[in-house]
Amino acid sequence: MKLYQQLSVVFFSVVVGITSYAQNNYPTNYFRNPLSIPIYLAGNFGECRPNHFHSGIDIKTLGQENLPVHAAASGYVSRIKLDAVGFGHAIYITHPNGFTTLYAHLNDFEPKLQAFVKVQQYAQKKWNIDVTLKPDQFPVSQGQFIAYSGNTGSSTAPHLHFEIRNTLSEHPLNPMLFGLPIADTVAPIPVALYVYDRTASIYGKPNKAYTLQKVNKDYLVTEPISISTPAPGFGLQINDFMQGSTNTLTYYTCKLFVDQQLVQKITLDNIGYDVTRYMHAFIDYPFYKTNKDWIQLLFCLPGNELKHIYANPTQQFNWNANERHALEIECIDANGNSVFIKANIVVGAIDTINKSYTLLPNKAYSFQTDEVVLSLPENTVYDKLDFNPRINKNAKALSAQVITNQLSAPLHKAMRIAIRPNQELPTHLQNKVVMQMVAFQDTSYKAAILEEDRYVVTTKELASFQLAIDTTAPTIITITNAKHGVFKDELRFKVKDSYTSITSFQCSIDKQWVCFEQRGTEWFYKFDEHCKPGKHHLEAIATDENGNKKTLSFNFISK
């Protein structure tokens, strides 16, 4: 008998247990390439990113900044946002056909828009602004120059992040479905198949990995997979590519067949920002924390509310001992290139797991002692969890230490943790308390708020928690080259805090506020009409989460 049965690909218009997807009606000849160079992708829609799904396409810009960016279609600039993280400098254009396009990580905008932004910044006395505009303020026509590409925000290399959203819902849609000129004939390439026991927690019992061998165009597990669970789940390590780019991408749809019957289908489209954190439930999160790579699950965890991407979100097998099943997975990218992964499954003697779990997806949780109150709202975890916090008392420290297990389990909602200090603090230190959080080899701090007799923080990361004091002011370092106090073109500072984060950095020249822009830990100001050539006095004040301040002032000459 052949190890592999020849499975014919059967497409069902109606399959028992499968919800049929309505075909999208996206226009395919409406939007143009927002750049004047061919589209090569550094990232595509639905890719897994830390804490979210990627919401657009990342178009390469030849490794350069300041390429002209054009309106993909006629409409009006409806929103402008500048931030040090996320999209950096971003423009939103609303179109009359019900869609909005987003252009992110930009440098300067076109001159009239740039001048408008500057007026808003000085009116609000802040550089990071978010402005909504009316339809008659900045109308644009298709192909009109709107900005220069850049590397602002959380970008790590020059590129243009481009999105197409439903204007009403604001949900990002898959731009690859709108007929943009993207040449791609490369099929996805699977790396490994993973098997899970869905009667156990994904955060408890480890997966089993199976290497794949390419035979013709398919990828096979060459020996039968023996399992001892009636309810297996499957996951894939898989990458997609396109010609002209070495960057890894992801698939558009993935179909799971068992014994020639379609039992699951995943479609990566229409993922709103309100649900994008459910990416944590789309992957094997413990594997990601250990390996910094993605295994994409082909089943929906019970606490995953991003159910619309699954044709059958409640799908679960109920197999018996001695059964044999033929498994086939088809992954297809947005250009229709596909690959098949095949394996044979043999069900052995069934292992019975009788384990109770302390934390369930649909239940709230509370842990309380004399020193600590720790609480999680319902719908915080994605799968059942064996969660057992413990207390390490230390009279010499500011507080007891709360140690949580399951550090590789993600939280969807914030956990609230309140700790009573071991001694009453003097008034001048009561607003200087921080929560020290240690997970794996990383230590971070967050300002804690006094509520009655405990200090409180909320966080979406499991860790060990302990109170500490932060009276250390931030540092401000001048990094602009100057000769004898003469600065040419700009002022630039590196601003950092030892424990928490910088909440405010305000600068004035000759007692007048000036607009310094943030890039990471650097803040810079390019000389303009607010600082004409000549002698000046600067004062800079950096403030952290606990109100610790650092002031830097000096006289200088601008040139």
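Any read-out appearing in this document is the output of simple, stated calculations on the displayed coordinates, not a laboratory observation. All figures in this text were calculated on a predicted structure; none of them were measured in a lab. FYI the Cβ positions are ideal-geometry reconstructions off the backbone, even for glycines, and counts take in every protein chain you see.
For this structure, a couple of remarks:
- Over all pairs of different C-alpha atoms in region 475-558, the reciprocal of the mean inverse distance, the Kirkwood hydrodynamic radius, equals 13.1 Å.
- Longest segment of the chain lacking GluC sites (Glu not before Pro) that sit in a DSSP loop with at most 11 other Cβ atoms within 10 Å: 1-423
- Positive dipole terminus of the chain, leading residue within Leu301, Leu173, Phe554 (C-beta point charges): Phe554
- Relative to the dominant Cα principal axis of the chain, helix 111-124 is inclined by about 70°.
- Added length on full extension, which subtracts the Cα-Cα distance from 0.36 nm per residue, Lys217 to Ser245: 7.9 nm
- Taking Cα extents along the principal axes in Å as calculated from this structure, the corresponding entry among (1) 88, 57, 51; (2) 93, 58, 46; (3) 90, 67, 39 is (3).
- With Cα atoms defining each centre, region 66-107 and region 190-227 are spaced 42 Å apart in the structure.
- With each label modelled as a point 7 angstrom along the Cα→C-beta vector, the Lys118-Lys396 pair spans 5.9 nm.
- R0 of 45 Å, Cβ-Cβ distance Asn555-Lys126: FRET efficiency to nearest 0.05: 0.95
- Full-stretch length increase - Gln137, Gln423 - with 0.36 nm per residue and alpha-carbon distance subtracted: 97.1 nm
- Of Lys112/Lys488; Lys208/Lys292; Lys81/Lys446; Lys81/Lys289, pairs whose Cα-Cα distance is over 20 Å: Lys112/Lys488; Lys81/Lys446; Lys81/Lys289
- Volume of the convex hull of region 365-469 (Cα atoms only), normalised per residue: 97 Å³.
- Cα-based equivalent ellipsoid, region 41-177: semi-axes from gyration tensor eigenvalues, Å: 21, 18, 15
- Shape category assigned to region 270-381 from the gyration tensor of Cα positions, a/c cut at 1.5: oblate
- For region 455-463, putting each phi into the Karplus relation 6.51 cos²θ - 1.76 cosθ + 1.60 with θ = phi - 60° gives couplings of 9, 10, 9, 10, 7, 9, 10, 6, 6 Hz, in residue order, rounded to whole numbers and with x for Gly and Pro.
- FRET E, pair Ile189, Ser154, Förster distance 25 Å, beta-carbon r, rounded to 0.05: 0.35
- Ordering 98-104, 156-162 by mean Cβ neighbour count within 10 Å, with the highest value first, yields 98-104, 156-162.
- Working from label points 7 Å from Cα in the Cα-to-Cβ sense, the Asn388 to Thr458 distance is 3.0 nm.
- Simple spin-label estimate for Lys413 and Phe440 in nanometres, 7 Å along Cα-Cβ: 2.7 nm
- Distance between region 411-477 and region 134-156 - C-alpha centres, whole angstrom: 40 Å
- For region 189-347, the fraction of alpha-carbon pairs lying more than 23 Å apart is 36 percent, rounded to a whole number.
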